[in-house]
Amino acid sequence: MKKEIYAYNKVSPKEILAYRKVSERAMVDLLNIDGDEGATNALCKSFEVTNQLLKSTLLRAKTKNEDRPFQKALEKLIHSQIESLKLNKTLFTD
């Protein structure tokens, strides 16, 4: 699904909602395996909160016409956090 969404370098609200359902299903599946308490549950909730805060920050930047340095710094933060998640996944699972 992700390849189709990014194929034309634009994402529609419909596509975001569709992918969100995939993510929510993955959370439910994980919590069904590990239980609905503890660190795994907190991790799932933190991903939800992070996504909400990211959307809020991006919307504010867009509506306030934030300057290019802000946008570049935000993009750098997003990419560095994604890479950190990938590195941790590799470190602790491979």
* To do: Could you please give the count of residues in region 71-92 that are open to solvent by 100 Å² or more (accessible area, probe 1.4 Å), among the hydrophobic types (A, V, I, L, M, F, W, C) and over 23 Å from N32 (Cα atoms)?
  => 2
* Asked: Which pairs have Cβ atoms under 7 Å, sit 6 or more apart or on different chains, and link a residue in region 63-87 that is of a type outside the set (S, T, N, Q) to one that is surrounded by 10 or more Cβ atoms within 10 Å (Cβ to Cβ)?
  -> F70/A61; L74/T57; L74/A61
* Asked: Take the residues of region 57-70 that are open to solvent by 70 Å² or more (accessible area, probe 1.4 Å) and assigned to a helix (DSSP H, G or I): which is nearest to Q81 (Cα to Cα)?
  -> L58
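The values are calculated or read from the model by the stated rules, or taken from the named source; none is laboratory data. What you see is a predicted model, and the numbers here were worked out from it, not measured in a lab. Quick reminder, even Gly has a Cβ in these numbers, built from the backbone with ideal geometry, and neighbours come from all protein chains shown. Heavy atoms of the whole protein, side chains included, go into the accessibility calculation; ligands, DNA and RNA do not. Shrake-Rupley method; radii C 1.70, N 1.55, O 1.52, S 1.80 Å.
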